[in-house]
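Everything below concerns the one structure shown next.
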Amino acid sequence: MSGGEDDRFGSSSLRANDADLADAAHLWKSAYVHIPFCAHRCPYCDFAIVDESVEGNGDHQRYVDAVVREIEMETSFGPLDAVNFGGGTPSLLSPGRLEEIVGALRRRFGFHSHTEVSLEVNPEDWATGTGENLRSAGFTRVSIGAQSFDEKILGALGRRHGADAGAEAVCSARAAGFRTVSIDLIYGHPTETARSWAGSLDRALDLPIDHISTYALTVERGTALSREILAGATPPNEDTQAQRYETFCEQSSVAGFDRYEVSNHARPGHACVYNLSTWAHGEYLGFGLGAHDHRWGTRARNHQRLDRYFDAIDAGIRPRLGFEHLDVDCQERDRFMLGLRLAAGTPMSEFVVRFLALPEGKRLLESGLIVATGDRVVVTQPMLTDAVAREALSVSSHDC
Ligand code: SF4
């Protein structure tokens, strides 16, 4: 295959959990664009958002102009293999405004013919013609925040759409010709039953999708959900969530999806390029409120307050809150810890060899939580990946 959008995968049948694909992703270049606006705050969410129900209508055009100016200030990088619009709720912006940002990225850094341009979409923002307009704006992939196909769970999560809206957005996106259509699902709400989760899964796996991201509901400090639990409501149960995850992995595998990262599953040829690149410690630029960068051995992050972000842009400077330079040891440690999330595992490096020779590394090997196979280390129980990464962090020789 040559010159087509499948070149990046070598072949459209290349499995998402292929080790060569994960290693190739280390060299891909990406950009992330953060759109902070939300129509309201979901009760479980602690993200830094601009809640339009509290703060009035967000000034979308001012924000788009600022992001475009930030892109124009950037030095050379690219061409880009992937662009991801996340949030917040990026689909609150009109396709025309989103296109202004896509155009700025294309002009400044260049795209390949295969560049993935992905957008997170809330189902209630999807209307007749949305798919076609987003395709015209340059998007090749949509990730639809369905979260559940059980009306009661959607209500408990504080979502503003019904189950049918999620399914209709998926079918409409498929008809509009996106290369990849993905959905997000949340499992493990205290009111969820095994039957409810099974029903949601059945409906999800019947839809014309290529990719699924699943997340366990977590209780973050300061959220409405955490206040409810402090007041006596039942918290999510970790053992139940582990069962739900296992059920999901089994059923999605039967339906033809490969798990390539703890939370991400795809049909062959449909791994998310941006996801793979970031978990493989590839380089990426971040634009917008609170966005992060990683490139040239440096991590950087933007202001998290909208007024400070606008002030910096108005003054003609990058809206940076801070930088960290990473030496080679820190970079190897970061790549190891991120790569633990990948089903293909993480490649050996001097840092990994040293870690595996330490008591903490030996303990993980002996417990079977990780296996070292030739030139890779793989976590055997994906839901315990964070615990494994904490061990690696605890023996780091210095702060990174
Ligand atoms: S839509 Fe997403 S980002 Fe916005 S409040 Fe809800 S969970 Fe948070």
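General remarks:
- The residue pairs whose first member lies in the stretch 150-166 and is more than 17 Å from Ala198 (Cα to Cα) and assigned by TED's automatic domain parsing to the domain that holds Gly188, whose second member is surrounded by fewer than 19 Cβ atoms within 10 Å (Cβ to Cβ) and of a type in the set (Gly, Ala, Ser), and whose beta carbons are closer than 9 Å, counting only pairs six or more residues apart or on different chains, are Gly158/Ala224; Arg160/Ala39.
- Selection count where residues are within 30 Å of Ala271 (Cβ to Cβ), crowded, with 19+ Cβ neighbours inside 10 Å and in contact with a Leu (Cβ under 7 Å, 6 or more places away or on another chain), scope the stretch 299-333: 1
- Pick from the stretch 361-374, criterion surrounded by fewer than 16 Cβ atoms within 10 Å (Cβ to Cβ) and modelled with pLDDT of 90 or more, ranking: nearest to Arg259 (Cα to Cα): Val371
- The combined condition, being away from the ligand (no atom under 16 Å from the Cβ), assigned to a helix (DSSP H, G or I), without any contact (Cβ under 8 Å) to a residue 60 or more places away in the chain and surrounded by fewer than 24 Cβ atoms within 10 Å (Cβ to Cβ), is not fulfilled by Ala127.
- Considering residues of the stretch 50-76 that are out of contact with any Phe, Trp or Tyr (no Cβ under 6 Å at 6 or more places or on another chain) and part of a loop (DSSP other than H, G, I, E, B) only, the residue farthest from the ligand (Cβ to nearest atom): Ser76
- Counting only helices (runs of 4 or more DSSP H) that sit completely within the stretch 148-265, those holding 1 or more residues that are in contact with an Asp or Glu (Cβ under 6 Å, 6 or more places away or on another chain) correspond to 151-156, 163-176, 194-206.
- Any hit, the stretch 108-120, residues being within 14 Å of the ligand (Cβ to nearest atom) and closer than 21 Å to Arg295 by Cα: no
- Qualifying residue in the stretch 48-64 (condition: buried (at least 20 other Cβ atoms within 10 Å of the Cβ), at pLDDT 95 or above and touching a helix residue (DSSP H, G or I) at 6+ places or on another chain (Cβ under 6 Å)): yes
- Scanning the stretch 224-233 for residues that are surrounded by fewer than 18 Cβ atoms within 10 Å (Cβ to Cβ) and touching a residue at least 40 places away in the same chain (Cβ under 8 Å) turns up Ala224, Glu228, Ala233.
- Selected residue [over 22 Å from Val262 (Cβ atoms) and either outside the structural domain of Gly58 (by TED's automatic domain parsing) or not acidic (Asp, Glu) (or both)] from Glu324, Glu391: Glu324
- Consider the stretch 77-96 and keep the residues that are part of a strand (DSSP E or B) and within 13 Å of the ligand (Cβ to nearest atom). The one that is modelled with the lowest pLDDT is Gly87.
- Restricting attention to the stretch 130-153 and to residues that are within 21 Å of the chain's Cα centre (by Cα) and within 16 Å of the ligand (Cβ to nearest atom), the residue that is nearest to Leu80 (Cα to Cα) turns out to be Val142.
- Restricting the stretch 15-47 to residues that are assigned to a helix (DSSP H, G or I), out of contact with any helix residue (DSSP H, G or I) (no Cβ under 6 Å at 6 or more places or on another chain) and not charged (D, E, K, R), the residue that is surrounded by the most Cβ atoms within 10 Å (Cβ to Cβ): Ala22
- Residues being within 10 Å of the ligand (Cβ to nearest atom), within 21 Å of Glu100 (Cα to Cα) and not aliphatic (A, V, I, L, M) - total across the stretch 32-49: 3
- Pairing residues of the stretch 234-257 that are among the charged types (D, E, K, R) with residues that are assigned to a loop (DSSP other than H, G, I, E, B), at Cβ distances under 7 Å and at least 6 apart in sequence or on separate chains, gives Arg244/Gly188.
- Within the stretch 342-360, tally of residues that are over 26 Å from the mean Cα position of the chain (by Cα) and buried (at least 19 other Cβ atoms within 10 Å of the Cβ): 2
- A search for C-beta distances below 8 Å between a residue of the stretch 312-323 that is closer than 13 Å to Ile71 by Cα and any residue that is of a type in the set (Val, Ile, Thr), counting only pairs 6+ apart in sequence or on different chains, returns Pro319/Ile313.
- With respect to the conditions (1) surrounded by fewer than 16 Cβ atoms within 10 Å (Cβ to Cβ); (2) touching a residue at least 12 places away in the same chain (Cβ under 8 Å); (3) in contact with a Ser or Thr (Cβ under 7 Å, 6 or more places away or on another chain), Leu393 falls short on a single one, namely (3).
- Residues being under 19 Å from Gly86 (Cα atoms) and among the polar types (S, T, N, Q) - total across the stretch 175-217: 4
- Within the stretch 274-311, the set of residues being without any contact (Cβ under 8 Å) to a residue 12 or more places away in the chain and under 30 Å from Thr180 (Cα atoms) comprises Asp293 only.
The values are calculated or read from the model by the stated rules, or taken from the named source; none is laboratory data. Keep in mind that what you see is a predicted model, and the values were worked out from it rather than measured. Reconstructed Cβ throughout: ideal geometry from the backbone, glycine too, with neighbour counts over all protein chains shown.
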